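Engineer: The structure's right below; bear with me while I get my questions together.
Bear in mind that the values in this text are calculations on the coordinates, not laboratory data. Here the structure is a predicted model, which means the values were calculated and not measured. Cβ placement follows ideal geometry from the backbone for every residue including glycine, while neighbour counts extend to all protein chains displayed.
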């Protein structure tokens, strides 16, 4: 079923080229199934204001933009200027002008507190996994009622289900999943696409 889900929405040449560039630079972007899910989430929620933590060479960026209305603005945060350069290339190849994306270079945990409370429709988390619990807390603060947070790679190679794994990444993923499931403000959903896309809508 997971294989069928990954192949259900084949990617075009733009995203295929972006994946090749990502591989050349050691970047791991969102998977094919997760990318399709991001386009769906952005479209279904009519997401006009989106935050992306980790640019992934533009795969996630373009996937989100393709679901957003034309007046939408995506804020992309990344520590690496080189990753943002690749993202700009991907956005240009997909036909999105520079006015659709606001790129901020820096650590997300330093940038996110400067963004406005309750002002965003969707937040994608695809960066340092050990910081996911902190990203989640910031994302919930940023979301308007009905907004969605999506966290990629939460099932990373079975880390959250293997009790023998006690490393920092596994612990952070378990903490993140537990936080989403127990937060009464959130309506959680785990999508079994790519390496696990954990989503939650802010109730209100």
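Engineer: Hey, can you rank 93-102, 195-204 by average C-beta count inside 10 Å, highest first?
Structural biologist: The packing order, highest mean first, is 195-204, 93-102.
Engineer: Could I ask something else about it? Using 1/(1 + (r/R0)^6) with R0 = 22 angstrom and r between the beta carbons of residue 40 and residue 203, what's the FRET efficiency to the nearest 0.05?
Structural biologist: E between residue 40 and residue 203, to the nearest 0.05, is 0.60.
Engineer: Now for a different question. Kindly rank 34-43, 129-138, 49-58 from highest to lowest mean number of other beta carbons found within 10 Å of each residue.
Structural biologist: The most tightly packed comes first, giving 49-58, 34-43, 129-138.
Engineer: So what is the calculated 222 nm ellipticity per residue for the chain, using -39500 (n - 2.57) for each DSSP H run with n of 4 or more, over all residues, to the nearest 500 deg cm²/dmol?
Structural biologist: After summing the helix terms and dividing by the residues of the chain, the value is -12000 deg cm²/dmol.
Engineer: Bin by bin, in steps of 5 Å, what percent of the Cα pairs in the range 50-105 do you find, going until the bin that has the longest distance?
Structural biologist: Pairs per bin, as whole percents: 4, 23, 39, 25, 7, 1.
Engineer: Quick one: if the Förster radius is 25 Å, what FRET efficiency do residue 185 and residue 104 give, using the C-beta to C-beta distance and rounding to 0.05?
Structural biologist: 0.40
Engineer: Quick one: 68, 103, fewest Cβ neighbours within 10 Å first, how do they rank?
Structural biologist: 103, 68
Engineer: Now for a separate question. Expressed as a fraction of 2.2 N^0.38 Å, the rule-of-thumb size for a compact globular protein of N residues, what is the C-alpha radius of gyration of the range 72-204?
Structural biologist: Against the empirical 2.2 N^0.38 Å value, I get 1.09 for the range 72-204.
Engineer: For the ranges 166-172, 148-154, what's the packing order if you count other beta-carbon atoms within 10 Å of each residue, average per peptide, and put the highest first?
Structural biologist: Result, highest mean first: 148-154, 166-172.
Engineer: Size of the range 53-148 along its principal axes in angstrom, Cα-based, largest extent first?
Structural biologist: 34, 27, 19
Engineer: Among 63, 9, 82, what is the fewest-to-most ranking by other Cβ atoms within 10 Å?
Structural biologist: In increasing order of surrounding Cβ atoms, one gets 82, 9, 63.
Engineer: OK, next. What list do you get for 155, 91 if you sort them by fewest beta carbons within 10 Å?
Structural biologist: 155, 91
Engineer: Here is a follow-up. For the residue pair residue 16 and residue 116, what label-to-label distance in nm results when each label sits 7 Å from Cα along the Cα-to-beta-carbon direction?
Structural biologist: Roughly 4.1 nm, to one decimal.
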